[in-house]
Amino acid sequence: MKIKKRKALTRFLYLFFFLGLQLATVHAQEKRILRGIVTETTDKGNILPIEGASIHWLYTQSGTTSDSLGHFQLPYHPNSRKLVISYIGFKTDTLLIAGEPFVKVALINRNELGEIAVSYVRKSSEVSFIDPFKTTLMNEKELFKAACCNLSESFETNPSVDVAFSDALTGTKQIQMLGLASQYTLMSQENIPSTRGISMLQGPSFTPGTWLKGIQVTKGQGSVVNGFESMAGQINTELHSTETKERLYLNSYYGAGGRTELNMVTRLHTDGKFRHVLFLHGNTTFLETDHNKDGFMDNPTGRQGNLLYRFRWDLSKGLSWMGGFRVLDDLRNSGQLGVNVDNPGKLYAMKLGAQRQEAWSKLAFTFPRKVYKSMGLQMQFANQNNQARFGKHNYGGQQQSTYINFIYQSIIGTTNHKFKTGFSIQSDRFAERLVQFDTLLPVVWNQQEVVSGAFFEYTLNVLPKFTLVSGIRGDYSSIFNGFITPRLHLRYAISDKTVLRASAGRGRRLASVLGENMTLLASSRVFQFPKLNLQTLVPLSEYPLSMAGFRPEIAWNYGLSLQHEFRLNYRPATLHIDFFHTRFENQLVVDRYEDSRSVYFYNLEGRSYSNNLQIQLEVEPMRRFDIRLAYRLFDTRTQYKSQLLNAPMVAKHRAFANFAYETKTKWSFDYTLQWIGQKPLPSTSGNHHGDLFANSSEAYWLSNVQVSKSFKNQGLDLYVGAENLFNFMQHHAILNASTPFDEYFDATLVWGPVFGRMVYGGMRWKW
Amino acid sequence: MKNLMLLVVILLGLQVNAQNKTEKTTLKVFGNCSQCKARIENALDQKGIKMAEWNIKSKELVVVYNPTKISLEKIHELIAKSGHDTEKATAPDSVYSELPGCCLYRENPHTHED
């Protein structure tokens with residue numbers, strides 16, 4: 001009996017307990033509490049809890065943090081179903097919560113994604129400690145330090161990139177890395193190669209600075225995923241994305257010399273799965289100026305219209321389609337003061353026109369619940385037209401390019417072993433024609449090269465100590481057969497303050513002989529190509545450049561760099577020491593030494609190399625005050641016809657200092673001081689009756705200053721500044737400027753600014 | 001080049017000069033996350049403070065300051081005014097209640113084992 005009673009009691013208790021439990025569950029659901037766990041996957045593949053991760057409902061103040069076991073609980077919010085999970089050093093994740101009681105969140109290490117961190121306070125320009133590539137990330141704040149105007153002018157505060165004038169007429173600023181001309185740096189826009197071939201020289205001026213959200217500057221070779229062309233480095237630009245916060249972003253700029261620029265970035269959507277942004281740019285320079293008093297305009301007059309549209313469409317979970325198009329028209333006029341470029345008469349005139357149309361598409365698919373596994377398909381079509389007239393030289397060029405790149409990325413076992421693989425097709429059709437004087441044989445370049453290939457890149461992460469990225473690609477060119485591009489990047493953290501990087505790899509590119517050297521037409525020098533060995537009785541009516549025997553350029557690049565973080569009087573400081581060696585196996589040599597009245601083009605026979613040492617110190621002696629100091633050594637030599645000589649126009653020694661101070665009331669002061677050493681100059685010794693130049697230029701100082709004030713509540717920024725504050729000028733920049741049609745005329749010997757101090761001002765308004 | 005060297009020398013000189021007058025101390029400040037870190041460190045962006053760094057895990061704030069320009073009491077006060085309790089000062093409730101959810105360390109402290 002007693003036993004029975006006891007049994008009944010036990011049953012009752014059980015029942016009670018279960019009911020209670022059930023009730024409790026119901027109760028919990030009524031209160032609607034979301035529970036979850038936040039984890040990370042370590043490089044060894046272990047799943048560990050993240051303590052202290054911040055979890056909150058999007059657009060609300062309701063949030064919590066995870067405990068030492070990674071657990072959290074948070075009441076459901078009536079107005080938000082999007083849960084934001086963030087933790088320092090990890091990519092912020094946003095989840096759509098349908099009503100499940102428990103969620104598992106696996107955060108991804110930000111460094112594995114190689115993304116620019118935006119969610120917490122970072123320096124405006126920095127090199128990630130954990131990136132195996134030597135990449136400087138420049139964000140919008142850094143770009144604001146040099147308010148004017150386009151990509152070619154955005155590197156004033158970055159000592160890794162040099163900007164040099166190519167000639168005294170076109171106003172073109174050429175980008176140099178590691179002492180090598182711009183064509184040896186791969187320029188890409190959101191990882192699609194953008195400035196190539198005949199648009200090489202002017203290309204950077206086609207990207208307005210205001211359109212940019214950031215620039216990544218990689219010294220040495222980039223990833224094989226982005227192709228085989230990079231040799232000295234890679235410059236990747238990122239436009240404002242479709243996720244931009246601002247409804248409208250306006251910028252206007254006015255500089256002495258009548259340079260006027262207007263920019264507008266408009267977000268066209270308010271919300272939803274289809275998001276799109278429109279970019280507009282217009283610029284005009286209307287005043288003819290002659291600061292250095294040589295009878296020639298210092299900067300061309302001209303105008304540019306530039307329109308870009310981009311969209312992002314989230315089609316379904318994990319699948320999105322991004323794309324856009326761009327249309328550009330640019331015109332530059334220059335020459336002797338007062339010249340009418342369309343009817344120059346006896347005056348020297350320069351006219352440079354460029355039109356570009358491009359469209360691109362990117363399909364991205366991330367596998368559900370497998371963030372490490374994704375596929376992407378990038379495509380771009382571009383059409384570029386150039387027309388140029390330099391006195392009696394006429395040039396016309398067209399390039400039609402198609403680029404297709406498919407990337408698949410995943411892991412092998414754990415996220416310690418990652419790989420990317422895929423294939424690419426790159427096609428370039430060139431149609432160029434050059435007529436130098438009326439008496440010479442026209443030079444034509446009509447050729448199409450299709451390069452198709454496949455790549456594989458493996459990344460080994462033993463974080464935080466060691467990273468290895470080893471990539472290889474095999475490509476086949478329709479003209480020059482197959483070639484292999486291997487690349488290797490290593491990163492080793494000696495301590496948590498010191499990191500060592502090493503890289504080695506091969507790059508290959510087909511030179512666009514006329515397009516890349518178009519600005520050399522600003523002289524009476526005659527372009528000399530190899531003699532053709534043709535068994536023909538009929539005299540040629542034109543010179544086919546495709547038969548000149550130019551081989552693709554091939555270079556090996558090796559780099560070693562040290563990054564050390566330390567404290568200088570309690571304040572953070574960083575020291576960078578980089579050494580890069582580039583050695584050409586094959587190069588298109590552009591020889592201006594052999595003869596004062598010619599430019600010879602031929603294949604490299606012998607050695608050609610560039611050594612570059614850079615020592616850079618970044619200190620922050622006070623909060624909001626940054627100092628960047630750099631010294632750079634360049635030794636760039638090529639075997640010319642006569643002998644092994646230093647490349648022209650590359651200074652051996654350079655020093656750089658940048659000071660940036662910001663007050664709490666958002667006044668910013670930026671000052672950049674540069675010292676540029678002597679540069680070797682092309683030969684002018686043959687000009688017995690004309691003008692002569694020394695064999696090297698003078699050393700000189702350049703400095704820029706800018707003051708800006710930010711009115712945060714109004715979204716308004718105002719700035720004024722001066723470039724070339726010391727008003728330094730190369731007074732004698734054009735040889736025989738008074739007789740531009742004789743054989744001694746040469747406007748390509750520019751080693752310093754021809755325009756004096758330039759004062760400017762402008763505004764930015766974000767709404 | 002000479003000017004640049006001179007500048008470096010002057011800067012280093014200033015640094016050494018400043019070093020002699022500073023004091024370093026560690027104090028406990030309550031908070032939770034990286035947002036708290038930014039807020040605490042920004043509160044000490046003041047004259048006389050050379051360095052202020054707060055550790056999320058240990059809740060310890062390392063301050064290097066010049067006692068002739070700013071007192072330790074003032075430092076506590078500045079932190080409290082930004083919404084964070086210290087071992088000596090308490091943040092006003094009005095400021096504390098305005099903090100974002102993840103920073104509400106009083107209700108939802110995120111404490112480390114040690």
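The set of residues from the range A:538-571 being surrounded by 15 or more Cβ atoms within 10 Å (Cβ to Cβ) and within 14 Å of chain B (Cβ to nearest Cβ) comprises A:565, A:568, A:569, A:570, A:571. Among the residues making up the range A:60-69, those that are surrounded by fewer than 21 Cβ atoms within 10 Å (Cβ to Cβ) and either within 10 Å of chain B (Cβ to nearest Cβ) or touching a Leu at 6+ places or on another chain (Cβ under 9 Å) (or both) are A:60, A:61, A:62, A:67, A:68.
Condition check ((1) at pLDDT below 95; (2) outside the structural domain of residue A:129 (by TED's automatic domain parsing); (3) surrounded by fewer than 16 Cβ atoms within 10 Å (Cβ to Cβ)) across all residues:
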{"residue": "A:462", "(1), (2), (3)": "yes, yes, yes"}
{"residue": "A:472", "(1), (2), (3)": "no, yes, no"}
{"residue": "A:477", "(1), (2), (3)": "no, yes, no"}
{"residue": "A:485", "(1), (2), (3)": "no, yes, no"}
{"residue": "A:488", "(1), (2), (3)": "no, yes, no"}
{"residue": "A:496", "(1), (2), (3)": "yes, yes, yes"}
{"residue": "A:501", "(1), (2), (3)": "no, yes, no"}
{"residue": "A:505", "(1), (2), (3)": "no, yes, no"}
{"residue": "A:517", "(1), (2), (3)": "yes, yes, no"}
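With respect to being of a type outside the set (Lys, Arg) and surrounded by fewer than 20 Cβ atoms within 10 Å (Cβ to Cβ), residue A:308 falls outside the description.
Selection of first residues in the range A:551-562 that are under 19 Å from residue A:131 (Cα atoms) and assigned to a strand (DSSP E or B) and of second residues that are among the basic types (Lys, Arg) and modelled with pLDDT of 95 or more, restricted to Cβ pairs under 6 Å at least 6 apart or on distinct chains, gives the following pairs, ordered by first then second residue: A:561/A:501. Taken as a whole, the condition of being of a type in the set (Phe, Trp, Tyr), buried (at least 16 other Cβ atoms within 10 Å of the Cβ), under 25 Å from residue A:126 (Cβ atoms) and within 26 Å of the chain's Cα centre (by Cα) applies to residue A:634. Residue selection: residue B:60 satisfies the criterion of being more than 12 Å from chain A (Cβ to nearest Cβ), touching a strand residue (DSSP E or B) at 6+ places or on another chain (Cβ under 7 Å) and farther than 23 Å from residue A:57 by Cα.
For the range A:173-274, which fully contained strands (runs of 3 or more DSSP E) count at least 1 residues that are within 30 Å of residue A:611 (Cα to Cα), hydrophobic (A, V, I, L, M, F, W, C) and free of Cβ contacts under 8 Å to residues at least 60 places away in the same chain?
Details: elements: A:173-176, A:185-189, A:192-195, A:212-219, A:233-239, A:248-255, A:259-267.
Counting at least 1 such residues, we get A:185-189.
The single residue among B:47, B:69, B:88 that is away from every other protein chain (no Cβ under 14 Å) and more than 24 Å from residue A:51 (Cα to Cα) turns out to be B:88. Just one of (1) of a type in the set (Lys, Arg); (2) modelled with pLDDT of 90 or more; (3) more than 25 Å from residue A:568 (Cα to Cα) fails for residue B:69. It is (3).
Need the failing condition index for residue B:51 against (1) assigned to a loop (DSSP other than H, G, I, E, B); (2) out of contact with any His (no Cβ under 9 Å at 6 or more places or on another chain); (3) at pLDDT 90 or above, just the number. The one condition residue B:51 does not meet is (1). In the range A:655-668 there is at least one residue matching the filter, namely being more than 26 Å from the chain's Cα centre (by Cα), of a type in the set (Lys, Arg) and within 19 Å of residue A:719 (Cβ to Cβ).
Could you run through the range B:15-36 and say how many residues are within 9 Å of chain A (Cβ to nearest Cβ) and at pLDDT 90 or above? Going through the range B:15-36 one residue at a time, the tally reaches 1.
Quick grid of which residues meet (1) assigned to a strand (DSSP E or B); (2) away from every other protein chain (no Cβ under 14 Å); (3) closer than 21 Å to residue A:614 by Cα:
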position: A:645; (1), (2), (3): yes, yes, no
position: A:650; (1), (2), (3): no, yes, yes
position: A:654; (1), (2), (3): yes, no, yes
position: A:659; (1), (2), (3): yes, no, yes
position: A:672; (1), (2), (3): yes, no, yes
position: A:685; (1), (2), (3): no, yes, no
position: A:693; (1), (2), (3): no, yes, no
position: A:701; (1), (2), (3): yes, no, yes
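Only a single criterion out of (1) over 30 Å from residue B:21 (Cβ atoms); (2) touching a residue at least 24 places away in the same chain (Cβ under 8 Å); (3) hydrophobic (A, V, I, L, M, F, W, C) is not satisfied by residue B:95, namely (2).
Taking the criterion of being farther than 17 Å from residue A:172 by Cβ and either assigned by TED's automatic domain parsing to the domain that holds residue A:213 or of a type in the set (D, E, K, R) (or both), the residues of the range A:721-762 that qualify are A:742, A:743, A:757.
The values are calculated or read from the model by the stated rules, or taken from the named source; none is laboratory data. It should be emphasised that the depicted structure is a prediction, and the values quoted were computed from it without experimental measurement. Using ideal geometry, Cβ is built from the backbone for each residue, glycine included, and neighbour counts are taken over all protein chains shown.
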